[in-house]
1. Quick check on my filter: what residues within region 62-76 are crowded, with 17+ Cβ neighbours inside 10 Å and either out of contact with any strand residue (DSSP E or B) (no Cβ under 8 Å at 6 or more places or on another chain) or not in a strand (DSSP E or B) (or both)?
2. Here's a check for you: in region 72-96, which residue that is over 12 Å from the mean Cα position of the chain (by Cα) and in contact (Cβ under 8 Å) with a residue 24 or more places away in the chain is nearest to residue 14 (Cα to Cα)?
3. Restricting attention to region 43-58, which residues are surrounded by fewer than 16 Cβ atoms within 10 Å (Cβ to Cβ) and touching a helix residue (DSSP H, G or I) at 6+ places or on another chain (Cβ under 8 Å)?
C-alpha cells in the first residue's frame with residue numbers, strides 16, 4: 001500500500017512553532033515509496049507567526065490551502081492566500097504569519113525531506 005491516512009497521523013509542533021502533520025516522510029513511510037522528499041500539512045493560528053528560520057539543504061514549496069497570511073523570504077514580504085504556491089530555496093530565511101481570522105493551512109513539500117537538524121532558527 002502506498003498511502004497514508006490523515007486521521008492516523010498525529011500532529012506535532014515543529015521548530016518554527018507551526019503545528020505539523022507529516023503526510024509522507026521517508027523516516028516514517030519509506031516502504032510507501034517516498035525516499036527523497038517529504039510532504040506535511042502546517043497550520044498557523046490567527047495572529048501567530050512562525051519563527052524566522054532557514055534550511056541549509058532543503059528546498060521547500062508552500063502551497064496555501066486555507067486562510068491568508070504574510071510570507072517573508074529574506075528581505076521580501078508579500079501576502080499569500082488559498083491557492084498560492086511559494087518556492088523557498090535552501091538557505092533563504094523565511095517565516096509565515098497568519099493575518100486572517102481563521103486558521104492558515106498550507107502544504108509543505110521539502111526536498112531533501114524535512115529534518116529538524118537542517119532547520120536553523122534565526
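The values are calculated or read from the model by the stated rules, or taken from the named source; none is laboratory data. If you're wondering where the values come from, they're calculated on a predicted model, not measured in any experiment. Cβ placement follows ideal geometry from the backbone for every residue including glycine, while neighbour counts extend to all protein chains displayed.
1. 67 - this is the single residue of region 62-76 that is crowded, with 17+ Cβ neighbours inside 10 Å and either out of contact with any strand residue (DSSP E or B) (no Cβ under 8 Å at 6 or more places or on another chain) or not in a strand (DSSP E or B) (or both).
2. Going through the qualifying residues, I end up with 93.
3. Once the filter is applied, which keeps residues that are surrounded by fewer than 16 Cβ atoms within 10 Å (Cβ to Cβ) and touching a helix residue (DSSP H, G or I) at 6+ places or on another chain (Cβ under 8 Å), region 43-58 yields 56, 57.
Conditions tested, residue by residue: (1) at pLDDT 95 or above; (2) in contact with a helix residue (DSSP H, G or I) (Cβ under 7 Å, 6 or more places away or on another chain); (3) part of a helix (DSSP H, G or I); (4) surrounded by fewer than 17 Cβ atoms within 10 Å (Cβ to Cβ).
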residue	(1), (2), (3), (4)
2	no, yes, no, yes
31	no, no, yes, yes
35	no, yes, no, yes
60	yes, no, no, no
78	yes, no, no, yes
87	yes, no, no, yes
106	yes, no, no, no
